[in-house]
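Heads up: the structure comes next, in C-alpha cells.
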Amino acid sequence: MLGIVENHSLPRTAAFFDLDKTVIAKSSTLTFSKSFYQGGLINRRAVLRTAYAQFVFLAGGADHDQMERMREYLSALCRGWNVQQVREIVAETLHELIDPIIYDEAASLIEAHHTAGRDVVIVSTSGAEVVEPIGELLGADRVVATRMVVEDGAFTGEVEYYAYGPTKAEAIKELAESEGYDLSRCYAYSDSVTDIPMLETVGHPHAVNPDRALRREAVARDWPVLSFNRPVRLKQRVPALSMPSRPALVAAAAVGAAAATAGLVWLAGRRREPGARIAQV
C-alpha cells in the first residue's frame with residue numbers, strides 16, 4: 001500500500017486525516033449524545049435532534065449552510081457545560097462508542113504512513129475534547145480541532161477557533177512551516193467537499209467515501225477515490241494501535257464548532273498529558 005520508507009535526508013512529511021466518515025463511520029461528537037444525556041448535559045429532545053442530524057450526516061453529509069446552522073445550534077447548546085465533566089464522560093465511553101466504528105481501512109493507512117516514517121495528523125471540525133482522545137486512541141501524532149471559549153471551567157458558547165473549510169488548510173500550512181513538512185510529498189484524506197482546500201494543500205489528496213460534490217471534483221482532478229466500509233475494533237485487528245506508541249502532539253489550530261452535536265465539546269485551554277507535547281498552530 002504505502003511500502004516506501006521515508007528518506008530521512010529529505011524534508012519531513014505527514015498524512016492529514018479528516019475524522020468523521022473518513023477514519024470513523026459516524027460523526028464523532030454526535031456519537032456521544034446519549035452519554036451526554038445520561039450525564040445530564042442535554043435533554044431528551046436534544047438527543048432526538050442529534051439522532052436526526054446523525055441520520056442526515058450519514059445519508060449524504062451536510063452542505064455549508066447545514067454546517068453553519070449546526071454550528072450555531074451546538075454553540076448555544078454547550079453554553080454552561082462543565083469542561084471537566086465533558087472530558088470525563090468522553091474518557092469513560094471512548095472505547096465503548098468509538099473503537100467499534102473505526103474503519104479497518106483507515107487504521108491500516110495510519111499504520112502504513114507511520115511505517116513509512118510520516119507523521120499522522122487528525123484534522124477535524126469536531127471539538128477538541130472529543131477529537132484529542134480519539135487521536136490518542138488512533139496513535140496520531142497531532143490533532144487539529146475546533147475550540148470553544150472557556151471561562152470559570154465552563155463553555156461560554158462562543159467559538160474560539162473553528163476547524164472548518166479553508167481554516168483546515170491554513171492550519172496544515174502553519175504546521176508544515178513549524179514542523180518542516182514538505183506539503184508536495186504529504187497526503188490528505190477526506191469525505192467532504194468542504195475539505196477541498198485541505199486536499200488541495202498536499203501533493204497526494206484522496207477522497208474517502210466522498211459526498212457527491214467531492215466525488216465530482218475528485219474525478220475531474222484525477223484524485224484517487226477510496227471506499228472504506230469495514231468498521232472494526234482496533235484490539236481485534238492491530239493491538240498495537242489501541243495504545244498510542246508515539247507521544248500525542250496536539251495542534252489546536254482550528255476554529256469553532258461545526259459538524260459536532262449535542263456532544264459538541266471544545267477546549268479553550270489544553271492540559272498537558274504525561275509524556276506529550278502540545279503544539280499550538
Of the listed peptides 164-171, 140-147, 89-96, what is their order by residue-averaged count of other C-beta atoms within 10 Å, with the highest listed first?
-> 140-147, 164-171, 89-96
Fewest to most Cβ atoms within 10 Å: D119, D222, D104 sort as D222, D104, D119
log10 of Debye I(q)/I(0), alpha-carbon scatterers only, for the stretch 158-223 at 0.20, 0.23, 0.24 Å⁻¹ | -0.77, -0.94, -0.99
Could you tell me whether the stretch 72-165 comes out rounded, prolate or oblate from its Cα gyration tensor? Rule is a ≥ b ≥ c as square roots of the eigenvalues, rounded for a/c under 1.5, then prolate if a/b exceeds b/c, otherwise oblate.
-> prolate
Amide H neighbours of E160 under 5 Å, counting only residues 5+ apart in sequence or on other chains, H built in-plane at 1.01 Å?
-> R147, M148, V149, G256
Using label points projected 7 Å from each Cα along Cα→Cβ, tell me how many nm separate R44 and K173, to one decimal.
-> 5.0
Net charge near V130 (other residues with Cβ under 11 Å of its Cβ; Lys, Arg +1; Asp, Glu -1) is -2
Calculate the length of the line joining the C-alpha centroid of the stretch 114-131 to that of the stretch 140-218, in whole Å.
-> 10
If you rank W223, W81 by fewest surrounding Cβ atoms within 10 Å, what's the result?
-> W223, W81
Residues with beta-carbon under 10 Å from that of A15, excluding A15: net charge, scoring Lys, Arg +1 and Asp, Glu -1?
-> -1
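Quick note: the coordinates plus some simple rules give every number you see, no bench work behind them. All figures in this text were calculated on a predicted structure; none of them were measured in a lab. So basically every Cβ, Gly included, is an ideal-geometry build from the backbone, and we count neighbours across all protein chains shown.
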